[in-house]
Amino acid sequence: MLRPVRLVSALGLFVVVVIFVSRSCSASPLHGVAPSDEQKFLGRDFLCVVGGRSEYLPISRVNDDFCDCDAGDDEPGTSACSHVATSAFYCANNGFFAKKIHTSQVHDGVCDCCDGSDEERDGVSVCANACAGAAEAFKNEAKQRLEVVRRGYEKRQATVDGEIDSYFEQLNESQTTIEHDLATLKLLMDRVTVHKEREELRETKYRLEVARRKQEKRSHCGDESVDRSNEQSLDGTVGSDDIGAVEFETLDAVQLADAGMLNDPVEDERALEVLDSSQHIVKSLIELPDGTKVSVADYLRMDHTIQPSTTKLWTPRSGEETWREALLGPLINGEAESRRRAGLAVLRLIGLIVSPVRVLVEVLLYSPRVLLRVLSAPDLIDKFSSVPNPFRSAWFRRLGGGSVYNGYSSAMWAAQVVWDTPTYAYHYLFPTLDSDMKLPVAESLRIVLREIQSDIAKLEKDRSDKHETASFDYGPDRAYFALKDKCIEKRIEKYSYKFCAFSDVKQDHTTLGKWDGWAVHDGNEMSPDVAVDYTSMRYTNGHRCYKGPERSVSVSLECGDEDTLLSVDEPSTCVYVMTVRSPLACTAQVLAKAENEVALIKTRH
């Protein structure tokens, strides 16, 4: 009966020993714990969330290879909580940089920590401590990286202090010059416009007078004296004497005063001073009435004040004096031509009075002038020899020694004048001006004005382009301006890629994206207060993928001693990531970071 009792006692003692041994062989509570978190594991109890409630666990349950806490806090040195995303193992990596890895990498047979602590059991690791070698390799890489960064930084500074500063300095100077030239040309344009408008007034008056004389010629058809008096002024030749007579003698005092107000010698002198001090030269010349061609400067120096003819000065007169001089004077004292013109004026006055009769006849009878033309034109009747007409017979022409025929012709002519007066008055008041009839000075000023306006448009476009260039964001120190209008190409696998800063990115002939600005970030250790990330460019609105979105590219700019396209990836459909190295990315911050890395590795040795 004693044997069974002794057997049970021995079995119980074995279980106690196994439990004690298993507890004594568990990992240290501080294994895999970061120094900043050690304070949580120094007491007898450990606080964590279990099943959604805060609970104190004995310290013996830390690193016991069983996941008790919801966040995996109790197993920092084992893989028991590897299913928890936030569970992390701390690699001390003495002599090198410490880091954290996920607990799924603990005891997986792979040496993830250079000190081998992730594969350590009972204080023994299957991994050799490689931190010294890693530190040496990192130091060599850091030194090489520092040399590359220094070379890139020197190139960047040389570009910024030389090419870029020089360009923008010249740009500012050219903008000042453009503003000065624009002010000069606009002042010159204003003065040329004033002179052009005055000369166009003369030109319009000339066209008006010519049109009215043509109207008179048509109304006096068959009168040889009228033809001879108008022949010279209507033959298309513009002589200086004729122009003076037509322009000035027909202008009244108000028109002369208005034209004189257009002339401002003071403004002309100011325009001359600006023109003489400017390098801009107006190539077009101005042709004077006598055929002489002069420059704009010489033209502005001339006296352009309009002086009325001394033979026909305008003086205030009463209505009675005007009537006596204009009508009764030619009738009483004038020659035959003057009397004829005065009589013609009387007939036209009568025609205006009876014009409603003509309107009524034409509206009711719908027969304008047809019968009157037949009766009043014997020459026209002569063409119809087969038609008997007493007015065509010889005896009628000889009747009364020809006085009857002449009286008949005069009466018909007077009737025609009276009948045609409304038409004559309309064409006289609203004549059809010949736009092809141009005076040389007015035409020359128009050509000069077009040249000046063309030069102003070119300068304004140049100013706009330069302003856009000056205000464009080319990054810190405007360094990336050196990449403007420059492309970097490289063939990667079966495609040829072409990166053009501030323009577009292409894959062979396919546009992957067009410049859309710098990337934006919330801040980082390099530039915590800057919203723009000058190390990343955005390119959007590329060619659309087949049944997909438009292509886009994110270009990452890294520091390097040469411009080169490093890599291109497509992490998702039609979305590309490109890495470009350039000395322009080697800023002072990048250099300081590289120097700090070398200094830091030295302090660890």
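The values are calculated or read from the model by the stated rules, or taken from the named source; none is laboratory data. On a predicted model such as this, the values are computed, not experimentally measured, just so you know. Backbone-built Cβ (ideal geometry, glycine too); neighbour counts: all protein chains shown.
Put simply, of Cys559, Cys487, Cys500 the only residue that is closer than 30 Å to Asp165 by Cβ and either exposed (fewer than 13 other Cβ atoms within 10 Å of the Cβ) or in contact (Cβ under 8 Å) with a residue 40 or more places away in the chain (or both) is Cys559. Hey, does region 120-130 have a residue that's crowded, with 18+ Cβ neighbours inside 10 Å, touching a residue at least 60 places away in the same chain (Cβ under 8 Å) and either among the aliphatic types (A, V, I, L, M) or in a helix (DSSP H, G or I) (or both)? Checked region 120-130: no residue is crowded, with 18+ Cβ neighbours inside 10 Å, touching a residue at least 60 places away in the same chain (Cβ under 8 Å) and either among the aliphatic types (A, V, I, L, M) or in a helix (DSSP H, G or I) (or both).
Hey, does region 508-516 have a residue that's of a type in the set (Val, Ile, Thr) and touching a Leu at 6+ places or on another chain (Cβ under 8 Å)? No - not one qualifying residue is present in region 508-516.
For region 63-98, which positions are surrounded by fewer than 17 Cβ atoms within 10 Å (Cβ to Cβ), among the charged types (D, E, K, R) and without any contact (Cβ under 8 Å) to a residue 24 or more places away in the chain? Scanning region 63-98 gives a single hit, Asp70.
Condition test on Gly548, is it part of a loop (DSSP other than H, G, I, E, B), within 22 Å of Cys574 (Cα to Cα), in the same structural domain as Ser582 (by TED's automatic domain parsing) and modelled with pLDDT of 95 or more? When the stated conditions are applied, Gly548 does not pass them. Would you mind stating whether Leu449 is farther than 22 Å from Asp161 by Cβ and of a type outside the set (Asp, Glu)? Answer is yes for this residue. On the given criteria, is Lys186 more than 30 Å from Arg446 (Cβ to Cβ) and surrounded by fewer than 19 Cβ atoms within 10 Å (Cβ to Cβ)? No, not satisfied.
Go through Val580, Val568, Val598 for me and flag whichever is more than 24 Å from Arg150 (Cβ to Cβ), outside any loop (DSSP other than H, G, I, E, B) and among the β-branched types (Val, Ile, Thr). Explain how you work it out, then say what you get.
Details: Val580 fails: more than 24 Å from Arg150 (Cβ to Cβ); Val598 fails: more than 24 Å from Arg150 (Cβ to Cβ).
The match here is Val568.
Residue pairs whose Cβ atoms lie under 6 Å apart, separated by 6 or more positions or on different chains, with the first residue in region 571-587 and of a type in the set (A, V, I, L, M, F, W, C) and the second in a loop (DSSP other than H, G, I, E, B), are Cys574/Cys545; Cys574/Gly548; Cys574/Pro549; Cys574/Arg551.
Go through the residues of region 205-226 one by one and say whether even a single one is closer than 27 Å to Ile286 by Cα, in a helix (DSSP H, G or I), modelled with pLDDT of 85 or more and not assigned by TED's automatic domain parsing to the domain that holds Asn406. Yes - at least one qualifying residue is present in region 205-226.
Residues being surrounded by 14 or more Cβ atoms within 10 Å (Cβ to Cβ) and not in a strand (DSSP E or B): count how many of those fall in region 38-62. So the answer is 5.
When the residues of region 531-545 are filtered to those that are of a type in the set (A, V, I, L, M, F, W, C) and assigned to a strand (DSSP E or B), the one that is surrounded by the most Cβ atoms within 10 Å (Cβ to Cβ) is Met537.
Is it the case that region 174-188 has a residue that's assigned by TED's automatic domain parsing to the domain that holds Asp455, more than 26 Å from Ala470 (Cβ to Cβ) and out of contact with any Cys (no Cβ under 6 Å at 6 or more places or on another chain)? Scanning region 174-188 turns up at least one residue that is assigned by TED's automatic domain parsing to the domain that holds Asp455, more than 26 Å from Ala470 (Cβ to Cβ) and out of contact with any Cys (no Cβ under 6 Å at 6 or more places or on another chain).
Collect the residues in region 433-450 that are out of contact with any Asp or Glu (no Cβ under 7 Å at 6 or more places or on another chain) and modelled with pLDDT of 70 or more, keeping them in residue-number order. Walk me through how you get there before you give the answer.
Initially, region 433-450 is screened for residues out of contact with any Asp or Glu (no Cβ under 7 Å at 6 or more places or on another chain), giving 433-437, 443, 446-450.
If the condition is that a residue be out of contact with any Asp or Glu (no Cβ under 7 Å at 6 or more places or on another chain) and modelled with pLDDT of 70 or more, then Asp434, Ser435, Asp436, Met437, Glu443, Arg446, Ile447, Val448, Leu449, Arg450 are the ones that fit.
Can you tell me which residues in region 85-95 are hydroxyl-bearing (Ser, Thr, Tyr) and not in a loop (DSSP other than H, G, I, E, B)?
Restricting attention to region 85-95, the residues satisfying the condition of being hydroxyl-bearing (Ser, Thr, Tyr) are 86-87, 90.
Result: Tyr90, single match.
Every residue, every condition in (1) in contact with a strand residue (DSSP E or B) (Cβ under 6 Å, 6 or more places away or on another chain); (2) in a helix (DSSP H, G or I); (3) more than 22 Å from Ile601 (Cβ to Cβ); (4) assigned by TED's automatic domain parsing to the domain that holds Ala71, yes or no:
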position	(1), (2), (3), (4)
His83	no, no, yes, yes
Phe97	no, no, no, yes
His107	no, no, yes, yes
Cys113	yes, no, no, yes
Gln144	no, yes, no, no
Val148	no, yes, no, no
Gly152	yes, yes, no, no
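Of all residues in region 436-483, those being polar (S, T, N, Q) and more than 16 Å from Asp190 (Cα to Cα) number 3. If we keep just the residues of region 433-480 that are at positive phi and part of a helix (DSSP H, G or I), which is nearest to the chain's Cα centre (by Cα)? Among those residues, the one meeting the criterion is Arg478.
For Gln144, indicate whether it is modelled with pLDDT of 90 or more, within 29 Å of the chain's Cα centre (by Cα) and surrounded by fewer than 19 Cβ atoms within 10 Å (Cβ to Cβ).
Working: modelled with pLDDT of 90 or more: yes; within 29 Å of the chain's Cα centre (by Cα): no; surrounded by fewer than 19 Cβ atoms within 10 Å (Cβ to Cβ): yes.
No.
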